[in-house]
Amino acid sequence: MAWLLYAHMFTLKISSNAHTLNIMINLLCKEGKFKKAFEFLVSMESSVFKPNVVTDNTIVNGYCSWGKIDRARKIVAEMRSRGIYPDSY
């Protein structure tokens, strides 16, 4: 349903924002589609909607949910190098 709604937004000329993109990244992570999630992340980085702690936490949570702890740790290290620290979520 989320994908249909997201596609319908474009039909109605409703723009995405950081919240919308974070929701879609979360959905992709839940589906285990991390490559596609990172494509969304790259599109965020090149748009006016910059990734934030929620975006990074979502990806870390997704990796942990799929048992990819080493990858999650790498993302946390990358976050820290950018001065972003995961919150309690």
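The values are calculated or read from the model by the stated rules, or taken from the named source; none is laboratory data. Just so it is clear, the structure is predicted and the values come from calculations on it, not from any experiment. Cβ atoms come from the backbone with ideal geometry, glycine included; neighbour counts cover every protein chain shown. We work out accessible area using only protein heavy atoms, side chains counted, and drop any ligands, DNA or RNA first. Shrake-Rupley method; radii C 1.70, N 1.55, O 1.52, S 1.80 Å.
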Farthest toward the dipole's positive end in the chain, which of Leu5, Leu28, Ile69, given Cβ charges of +1 (Lys, Arg) and -1 (Asp, Glu) about the Cα centre?
Ile69
With +1 at each Lys and Arg Cβ and -1 at each Asp and Glu Cβ, the charge dipole magnitude of the chain around its Cα centre, to the nearest 20 debye, comes out at 160 debye
Report, in degrees rounded to the nearest 10, the 0 to 90 angle that the Cα long axis of helix 34-45 makes with the longest principal axis of the chain.
70 degrees
Per residue, how much accessible area does the chain have with a 1.4 Å probe, in Å²?
66 Å²
Only helices counted: for the chain, with every DSSP H run of 4 or more residues adding -39500 (n - 2.57) and the sum spread over all residues, [θ] at 222 nm is -21500 deg cm²/dmol
With all protein chains present and a 1.4 Å probe, how do Thr58, Thr11 order by accessible area, largest first?
Thr11, Thr58
On the accessible surface of the chain, probed at 1.4 Å, how many percent belong to carbon and sulfur atoms?
62 percent
Angle in degrees between helix 18-30 and the longest Cα principal axis of the chain, rounded to the nearest 10
70 degrees
